[in-house]
1. When you count, for each residue, the other Cβ atoms within 10 Å and take the mean per peptide, how do 115-124, 129-138 rank with the highest first?
2. Only sites in a loop by DSSP and with at most 10 other Cβ atoms within 10 Å count here; which trypsin sites (Lys or Arg not before Pro) in region 180-289 make the cut?
3. Please identify, among A334, A263, A274, the residue showing maximal mean-square fluctuation in a Gaussian network model of the chain using a 10 angstrom Cα cutoff.
4. Taking the Cα centre of region 142-323 as origin, work out the dipole magnitude from +1 charges on Lys and Arg Cβ and -1 charges on Asp and Glu Cβ, in debye rounded to 20.
5. What distance in nm lies between label points placed 7 Å from Cα along the C-beta direction at L86 and D18?
6. Can you give the three extents of the C-alpha atoms in the chain along their principal axes, from longest to shortest, in whole Å?
7. What does the net charge come to around L316 if you take all other residues with beta carbon closer than 9 Å to its beta carbon, with K and R at +1 and D and E at -1?
8. Could you work out the relative contact order of the chain? I mean the mean sequence separation of Cα pairs under 8 Å and 6+ apart, divided by the number of residues, in percent.
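What follows is calculated from the coordinates using simple rules that are stated; it is not laboratory data. As the structure is a prediction and not an experimental result, all values here were calculated from the model. Heads up, the Cβs are rebuilt from the backbone with ideal geometry, glycines too, and the neighbour counts pull from every protein chain shown.
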Amino acid sequence: MRRLTLTDFRCYGHLRLDTDGRPVVLSGVNGAGKTNLLEAVSMLAPGRGLRRARLGDLARRDAGETAAPTRDWAVAARLELPEGPLDVGTGFVAAGGSANASGGASKGRDRRAVRIDGQAAKGQAALAERFAVQWLTPQMDRLFQEGASERRRFLDRLVYGTDPAHAGRLSGYNHALRERARLLREGRGDAAWLAALEETMASKGVAVAAARHALVERLRHEAASHEGAFPGAELRLDGEVETWLAQQPALAVEDRIRGRLEASRPRDAEVGGAAVGPHRGDLRVRHIGKGQMAELCSTGEQKALLIGIVLANARLSMVDKGRPPVLLLDEVAAHLDEDRRRALFDAVCALGGQSWLTGTDAAVFAPLGARAQHFTVDDGVVTPCEAAD
């Protein structure tokens, strides 16, 4: 990323930040706006960004403003790709607002738009075809102890980097899942309508599970290797659909899912959701050196495992695309000991890609020196600075 431009996003009325491809270090006190910058970059990938905020909540608020803001926001970036420069952007227009990132007016509803090189794109999946981004935040420190949904989201972001179409398939599956649940809940059990939704869930669900499986299989070797201070990790997928795929052809699994969904309509109408599908899968991780599942390891070991997996995925991206994803590492260094901090800095520099790191203490990033660009962030003002000694 060579340039990041924000308009009315979080605490930034307007910001243009020029970068040169080196790691980007953002230092400043809590609440200064560091994570807001990482969140802006994360919005250039499919999904709801690293905070999973509602689109309207990303708009800048004036001092003393308590009601939800109605202003639009936009995030744009100039990317430098092997095939040449590319401009990408996303924006939001509130219902009744003026114009969005595609230049169109809102038609009575909130919506998000995407532009690629000045042209409106059909959806967020287009972003994954050009831009891969992965993040680690303090909230993810408990990833291995939280529910399976958080681990699935983490894995899906990794898949986007190697299989951009995964975003569209996942969106289609989730839409069909929600629509089927709504019809069953409302008692509108039209057999043909439900069968069409279940057909979509079966075909797209198998594709989603297969894409996750393919990445996990490729990550096995890379994540199992000991990356300096970061422990080797053994990854596996748990779930009914995932087990079926290991035993049967994909078409047979689709038939099996359709049959289970049809049979479970009465049960699903009562309890909600669906009895079977990739939305019930889970990513399990084991610390190879200790022979323990990740959720039983210490907090520091869990974080080291997570970093090791992200670095392993970045190395795979180098093999596939010739470049790693952009890494957003929010307050990641503050909770590592000195040896692991240095190992992390050396690893992100060795990748040759761009990483964005935040922290309250600029001195923590001193080992990066001139290998990184350093900025201070103070109340939404971003200023270049020299590396800490």
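1. Details: 115-124: 14.2, 129-138: 21.0.
Ranked from most to least packed, the peptides come out as 129-138, 115-124.
2. Details: sites: R180, R182, R185, R188, K204, R212, R218, R220, R236, R256, R258, R260, R267, R280, R284, R286; in loops: R188.
Listed in order of number, the matching sites are R188.
3. A263
4. Values: 29 positive and 25 negative charges, 66 e Å.
Computed about the Cα centre, the dipole is about 320 debye.
5. The modelled label-to-label distance comes out at 2.3 nm.
6. Sorted from largest, the Cα extents of the chain read 67, 57, 42 Å.
7. Values: positive: R218, R315; negative: E222, D320.
Result for the neighbourhood of L316: 0.
8. On the way: 728 pairs, mean separation 81.6, N = 389.
With pairs under 8 Å counted, the relative contact order is 21 percent.
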